[in-house]
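Worksheet: one structure, shown below.
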Amino acid sequence: LGHGGMGIVYLAREVSLDRPVALKLLPPQLAVQPAARERFLREARTAGRLSHPNIVQVFAVDEVDDFVFMAMAYIDGESLGQRIRARGPRSPSEVTRILREVAWALGYAHAQGVVHRDVKPDNILLESASGRALVADFGIASVAESAEQEGEARISGTAEFMSPEQALGEGIGPASDTYSLGVVGFYA
């Protein structure tokens, strides 16, 4: 289905329930690093505790031999980023609806103590059947930090959408996600 810095996402079928799922694999070069592996599992478990209609549900996280992965709900649709790249800027009413739904998801996550850290159009999925916006990849952006050598600073996230404090490597919180959502709205 796609790939990025933190993994490759495959379409799979959950046999026992006969439903499609998205499997996200930690890249092999990170999966062999104990700290990165543990961080991925911990972050996936955190995301798995979130249950909200506008957050992509995580069903399971596991490790089998050298493979570390999570199974998530498969969303039949496209990302906001794909939609904008294919069709151009969206109408104010569509952007307002999407931002409202993403803000509900972020507000819920923040109340649970979870900060996304990588709010961007490609992490907002739009379901084909309903148009509903769902936020993907909660907390996963920070997994790469553990793979860095000691003493090396690394800022994770997508530069075009990150808050100033995140870009400076300072502490981040819910306000950082809110800032990024505002940039997404301007972009959309």
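THR96 sits with roughly 80 Å² accessible to a 1.4 Å probe, with DNA, RNA and ligands left out of the calculation.
Ordering ASP76, ASP137 by accessible area with a probe of 1.4 Å, largest first, what comes out?
Working: ASP76 95, ASP137 45 Å².
Listed by decreasing accessible area, they come as ASP76, ASP137.
For ARG85, the accessible area of its heavy atoms, probed at 1.4 Å with every protein chain present, is near 140 square angstrom. Using just its DSSP H runs of length 4 or more, each adding -39500 (n - 2.57), the chain gives a mean residue ellipticity at 222 nm of -10500 deg cm²/dmol after division by all residues. Solvent exposure of the chain, expressed per residue, is 52 Å² of accessible area, with all protein chains present and a 1.4 angstrom probe. Net charge dipole, the chain: roughly 660 debye, given to the nearest 20, about the Cα centre with Cβ charges of +1 for Lys and Arg and -1 for Asp and Glu.
The values are calculated or read from the model by the stated rules, or taken from the named source; none is laboratory data. Since the structure is predicted, the reported quantities are computational estimates derived from the model, not experimental observations. Reconstructed Cβ throughout: ideal geometry from the backbone, glycine too, with neighbour counts over all protein chains shown. With ligands, DNA and RNA removed, areas are computed over all heavy atoms of the protein, side chains included. Shrake-Rupley method; radii C 1.70, N 1.55, O 1.52, S 1.80 Å.
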